[in-house]
Amino acid sequence: MTKQKKYLQILRRKKQRNILLVVLVRRPRQLSALVKQQNVFEINDLNLWYGNNHALKEINFPIAEKEVTAMIGPSGCGKSTFVKTLNKMVERVPNVKMSGEILFRGQNILQSDVDLVELRKHVGMVFQKGNPFPQSIFDNVAYGPRVHGNKKKQDLMELVEKSLQDVALWDEVKDRLNGPALGLSGGQQQRLCIARALATKPDVLLMDEPTSALDPISTLKVEELILELKKSYTIVVVTHNMQQAARISDKTAFFYMGELIELDDTNVIFSNPKNQKTEDYVSGRFG
């Protein structure tokens, strides 16, 4: 074989290796596109009025699946109003009007034909202060499944036990399930209300300042619970406590005067926000 032929063969092999190398580098990019994270909610151009008060202004807000999204901002900025639009509880307030879209798994829940019972089965809510019903611990947790038609005692017992285990309350109350829920401590009542919300097997759990009325030890338990629950649920939390948002959330949204000023990864919001208003708020210059 001549030297020229040998040289051409070497060149061909190098080209083949280079082509193969390009393919191997590019394939992971193609795979990553296939596993792109889904959004449970897509909020588009949402506006809300209480009478003549324009409370939410042109909100665009994707909420990712199985993440904790925290909402921060000064009092009256629209955080609690926004979270109550996600299961339409805000419509219980007189003279409310909304425009835009709130897509929950692709369906616009602002349409008039949405089944509210079904929606709230999938989008549960926990309020600022534990509000157990004046019933037994068991009946509190079993309330939602019963409303949705599950009357079988064995099924209810299993649901109640699992829900209480999920909120780390089972060992504390298993011997007094028929006792009054109002006899529990404040922290236990709040975890009971979370268990009650979980009993309907929701996709999303909305929490409106869930620890603001709790002592530090109970607050820590609820925060640990949120971090555990996000493995199975999408969680949206309203909080006035910026340190709490930094501890528990994957993404943080800053609201101000009815507007969504900035939404980003939590570490970005607290370390390198893009908007000056966000930086002023998280650094304590106002609010």
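The values are calculated or read from the model by the stated rules, or taken from the named source; none is laboratory data. None of the values given here were measured: they were computed from a predicted structure. Note that we place each Cβ from the backbone using ideal geometry, even for glycine, and neighbour counts take in every protein chain shown. Just so you know, the surface numbers come from the protein's heavy atoms only, side chains and all, with ligands and any DNA or RNA stripped out. Shrake-Rupley method; radii C 1.70, N 1.55, O 1.52, S 1.80 Å.
Results for (1) farther than 24 Å from residue 273 by Cβ; (2) among the hydroxyl-bearing types (Ser, Thr, Tyr); (3) in contact with a Cys (Cβ under 7 Å, 6 or more places away or on another chain); (4) free of Cβ contacts under 8 Å to residues at least 24 places away in the same chain, shown as yes or no for each residue.
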residue: 181; (1), (2), (3), (4): yes, no, no, no
residue: 186; (1), (2), (3), (4): yes, no, no, no
residue: 198; (1), (2), (3), (4): yes, no, no, no
residue: 207; (1), (2), (3), (4): no, no, no, no
residue: 232; (1), (2), (3), (4): yes, yes, no, no
residue: 240; (1), (2), (3), (4): no, no, no, no
residue: 245; (1), (2), (3), (4): no, no, no, no
**Among (1) modelled with pLDDT of 95 or more; (2) more than 19 Å from the chain's Cα centre (by Cα); (3) not aromatic (Phe, Trp, Tyr) - the single one residue 149 does not satisfy** = (1)
**Prompt:** Quick one: which of 97, 84 is surrounded by fewer than 16 Cβ atoms within 10 Å (Cβ to Cβ) and at pLDDT 95 or above?
**Reply:** 97
**Asked** Just checking, how many residues over segment 102-148 are open to solvent by less than 80 Å² (accessible area, probe 1.4 Å), over 23 Å from residue 207 (Cβ atoms) and in a loop (DSSP other than H, G, I, E, B)?
**Response** 1
**Asked** If residue 213 passes every condition in (1) under 28 Å from residue 73 (Cα atoms); (2) at pLDDT 95 or above; (3) open to solvent by 20 Å² or more (accessible area, probe 1.4 Å) but one, which one does it miss?
**Response** (2)
**Asked** Can you name the number of the only condition in (1) within 18 Å of residue 64 (Cβ to Cβ); (2) open to solvent by less than 20 Å² (accessible area, probe 1.4 Å); (3) among the aromatic types (Phe, Trp, Tyr) that residue 281 fails?
**Response** (1)
**Request:** May I ask you to list the residues in segment 77-112 that are over 13 Å from residue 41 (Cα atoms) and hydroxyl-bearing (Ser, Thr, Tyr)?
**Result:** 80, 81, 99, 112
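So that you can scan it fast, the table gives a plain yes or no per residue for (1) in contact (Cβ under 8 Å) with a residue 40 or more places away in the chain; (2) of a type in the set (S, T, N, Q); (3) at positive phi:
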residue	(1), (2), (3)
44	yes, yes, no
48	yes, no, no
51	yes, no, yes
60	yes, yes, no
72	yes, no, no
83	yes, no, no
**Prompt:** When residue 219 is evaluated against the numbered criteria (1) over 25 Å from residue 158 (Cβ atoms); (2) part of a helix (DSSP H, G or I); (3) open to solvent by less than 10 Å² (accessible area, probe 1.4 Å), which criterion, by number, is the only one it fails?
**Reply:** (3)
**Message:** Let me spell it out: the conditions are (1) among the small types (Gly, Ala, Ser); (2) touching a strand residue (DSSP E or B) at 6+ places or on another chain (Cβ under 8 Å); (3) outside any helix (DSSP H, G or I), and residue 284 meets all of them except one. Which number is the exception?
**Reply:** (2)
**Fill in**
Of the residues in segment 230-247, those that are surrounded by 20 or more Cβ atoms within 10 Å (Cβ to Cβ) and under 25 Å from residue 158 (Cβ atoms) come to 233, 234, 235
**Test set (1) within 24 Å of residue 277 (Cα to Cα); (2) charged (D, E, K, R); (3) in contact with a Ser or Thr (Cβ under 6 Å, 6 or more places away or on another chain) - residue 79 fails condition number** = (3)
